[in-house]
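Below is one structure, written out as structure tokens; comments come after it.
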Amino acid sequence: MHSDNNFTIKLKCMKLKKLLTTLAIASLVLFAGCKNDDYVVKNGGPCPAVISTTPASGATLVGRSKVASITASEQALRTTTVTATFNKKMDPKTINESSFILKSTAGIVGTVSYTDSTATFTASTKFADNTTFTARITTAVKDLMGNALQADYVWTFSTGTTILPVVIATSPLNNAINVALNKVVTANFSMLIDPLTVSGTTFTLKQGAANVSGVVTYSGTTASFTPDNDLSINTIYTATLTAGIKNLDGSTIAKDTTWSFSTSAVVVPTVLFTDPTNLDANVALNKTVSATFSIVMNPSTITTSTFTLKEGTNTINGVVTYSGSTASFKPNSDLVAGKTYTATITTGAKNIANTPLTANYTWTFSTPLIAATPSFVNLLTVERFAIISGVGVSNNAGASVINNMDVGIYPGARTSITGFPPATIVNGNIFAADDGAATAAMLKQAKLDLVAAYLFAESCIAMPPQTVSGNQGGKTLAPGIYKSTSTLSVDGSDLTLDAQGNPDAYWIFQVASSFTTTTGGNIKLIGGAQAKNIFWQTGSSATIGTYTTFYGNILALQSITLDSYAVATGRMLARNGAVVMTSTNIINKP
């Protein structure tokens, strides 16, 4: 009888443990965000990622003892399997010979299987001696909710004592089509390369048998070929890296690497969308007007002559800029309440093949009858930045993504911006104070505008500030100014910001010391609230917690840190300190 009781107790404990595990996974799915351009919010959950491999990346003497030669018995026992373990359950249908690839100088034939959270590649023959292998898990691999691996996961190992350098990625990809005519051709290696071996002799670009003239450079693990002139329309090009390229130990790449791509045919550019949209009403008086094109444009054709803004017959003076595929018109002064404005992109705007729009593109919008409260924080030129810092910008791990905004550092140098790649910027660029006089002047003005916005937010009393302190998780706050004389946090549960049906509603949080969010402490917007109208003025540093979803613009006196898998819709603007993305973070334009 005593034994039966023990069995019953153990069974109940096992069921309780399983229930707690299920709840823990469910909480991650509920509060974590995995977002990219193809992501649908309802899928939820942390991004799938490879957390370990066998053999490990950089392993040598795989399948043999640590001696200079291999015995027959060692050869017979040599492993033919390579494994990759994920951070979560994956969809077995997506793990196959097309998404798990093994190569040496050529592809390795084998079969792929999946058990629990581990994918296994079993080669049909023993691994060759003294050979460097490259394993790749592609973005075709997805979890059970349809979330894809954020970037190809690539690692190398060797059955010999040395790992040879391997080309793990190229841009454009092999057989890519519709490549931009101003494309810089790049190749990423599996390790550091001797810069002296990367030259116009070992990295070439050809159109047929003719060499394309250009400049070859090398930085980090990336070699770049920048053509002297734009490429030709609808033309096939072939890039080649020769075995003359060596790593720092003098080992050459295993073989010449060649890939081809073709440029785009004549494509007429169009305007895909605008901000504000056509016939939009109640547009903010400090609005920057923008238009996004269907194709990369020639920046020299995007000017105040081809992008205009008028109120009736009155021309509005402003500054026109172009980044990615988006042109922006920033008025020199605020718009006037109760007016209708007309924006026009003329046929003088051309793509990089100098093909113009087929007709002028025009749209109108109007401002509210009553001017918005003048306490709204105006970011001016720093508005273009997702990240700006004083001393450093880093992406410590993972394929972080910044969408539709720039990254800048002032007065810091470009060498203080690290982790790009694997971090990427979509429709944006990196700017550093040592990029040249014009860039330095632009960054200096952006930093001055940040300081002005910070001081304005810190002292704003247009609406009587409401005093808050401590943890704001679980609260719902109406629009207004909220002041904390010490620290402020969103800890364990959501802070909801309710615009109450007013899309122009704004929040200013005046935090005297540090500001933090923790896992489960998300920012939630309802009632038409918009991230662009939320400002977190922080008197020291700010930290966005692991797996949290955040909205708003942080204006920090010191540093800003995004913990693992944090997703922000807003801006991370640090006056004096660094901005750190810890692992696989996403920053979206508000």
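The values are calculated or read from the model by the stated rules, or taken from the named source; none is laboratory data. Predicted model, so just to flag it, every value in this text is computed and none were measured. Reconstructed Cβ throughout: ideal geometry from the backbone, glycine too, with neighbour counts over all protein chains shown.
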Exception for Leu309 within (1) more than 23 Å from the chain's Cα centre (by Cα); (2) assigned to a loop (DSSP other than H, G, I, E, B) falls at (2)
Per the filter on segment 522-541, residues farther than 15 Å from Ile508 by Cα and either β-branched (Val, Ile, Thr) or modelled with pLDDT of 95 or more (or both) are Asn522, Lys524, Ile526, Ser540, Ser541
Restricting attention to segment 117-143, the residues that are of a type in the set (Ser, Thr, Tyr) and in contact with a Gly (Cβ under 6 Å, 6 or more places away or on another chain) number exactly 2
#### Entry: Any chance Gly528 is farther than 20 Å from Phe385 by Cα, assigned by TED's automatic domain parsing to the domain that holds Val468, without any contact (Cβ under 8 Å) to a residue 60 or more places away in the chain and in contact with a Gly (Cβ under 6 Å, 6 or more places away or on another chain)
yes
Filtering segment 87-114 down to residues that are loosely packed, with under 15 Cβ neighbours inside 10 Å, over 31 Å from the mean Cα position of the chain (by Cα) and either assigned to a strand (DSSP E or B) or outside the structural domain of Tyr153 (by TED's automatic domain parsing) (or both) yields Thr111
Subset of segment 313-325, residues touching a residue at least 12 places away in the same chain (Cβ under 8 Å) and over 12 Å from Ala349 (Cβ atoms), comes to Ile316, Asn317, Gly318, Val319, Thr321, Ser323, Gly324
Across segment 145-184, the tally of residues that are more than 26 Å from Leu102 (Cβ to Cβ) and in a strand (DSSP E or B) stands at 3
Of the residues in segment 128-148, those that are surrounded by fewer than 22 Cβ atoms within 10 Å (Cβ to Cβ) and out of contact with any strand residue (DSSP E or B) (no Cβ under 9 Å at 6 or more places or on another chain) come to Ala128, Asp129, Met145, Gly146
Those strands (runs of 3 or more DSSP E) completely within segment 478-529 that have 1 or more residues that are over 28 Å from the mean Cα position of the chain (by Cα) and basic (Lys, Arg) are 480-484
The condition of being in a loop (DSSP other than H, G, I, E, B) and either surrounded by fewer than 17 Cβ atoms within 10 Å (Cβ to Cβ) or at pLDDT 95 or above (or both) holds, among Asn286, Asn282, only for Asn282
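Every residue, every condition in (1) of a type in the set (S, T, N, Q); (2) under 32 Å from the mean Cα position of the chain (by Cα), yes or no:
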{"residue": "Lys206", "(1), (2)": "no, yes"}
{"residue": "Ala210", "(1), (2)": "no, no"}
{"residue": "Val215", "(1), (2)": "no, yes"}
{"residue": "Thr222", "(1), (2)": "yes, yes"}
{"residue": "Thr226", "(1), (2)": "yes, yes"}
{"residue": "Asn229", "(1), (2)": "yes, yes"}
{"residue": "Thr240", "(1), (2)": "yes, yes"}
{"residue": "Gly244", "(1), (2)": "no, no"}
{"residue": "Gly250", "(1), (2)": "no, no"}
Of the residues in segment 245-266 that are out of contact with any helix residue (DSSP H, G or I) (no Cβ under 6 Å at 6 or more places or on another chain) and closer than 13 Å to Thr197 by Cα, the one that is surrounded by the most Cβ atoms within 10 Å (Cβ to Cβ) is Ile253
So, first residue without any contact (Cβ under 8 Å) to a residue 60 or more places away in the chain in segment 420-435, second residue outside any strand (DSSP E or B) and aromatic (Phe, Trp, Tyr), Cβ within less than 7 Å, six or more apart or across chains; the pairs are Ile430/Phe420; Ala433/Tyr410
Here the residues within segment 397-415 that are crowded, with 17+ Cβ neighbours inside 10 Å, closer than 14 Å to Val580 by Cα and in contact (Cβ under 8 Å) with a residue 60 or more places away in the chain are Gly398, Ala399, Ser400, Val401, Ile402
Those residues of segment 149-160 that are under 20 Å from Tyr565 (Cα atoms), surrounded by 19 or more Cβ atoms within 10 Å (Cβ to Cβ) and not aromatic (Phe, Trp, Tyr) come to a total of 3
Within segment 115-127, residues being closer than 27 Å to Pro46 by Cβ and part of a loop (DSSP other than H, G, I, E, B) number 2
When every residue in segment 454-477 that is outside any loop (DSSP other than H, G, I, E, B) and of a type in the set (A, V, I, L, M, F, W, C) is compared, the one nearest to Phe535 (Cα to Cα) is Ala457
Restricting segment 251-270 to residues that are in a loop (DSSP other than H, G, I, E, B) and of a type in the set (Ser, Thr, Tyr), the one nearest to Ala239 (Cα to Cα) turns out to be Ser264
Taking segment 185-222 and the residues there that are assigned to a loop (DSSP other than H, G, I, E, B), polar (S, T, N, Q) and in contact (Cβ under 8 Å) with a residue 24 or more places away in the chain, the one that is surrounded by the fewest Cβ atoms within 10 Å (Cβ to Cβ) would be Thr201
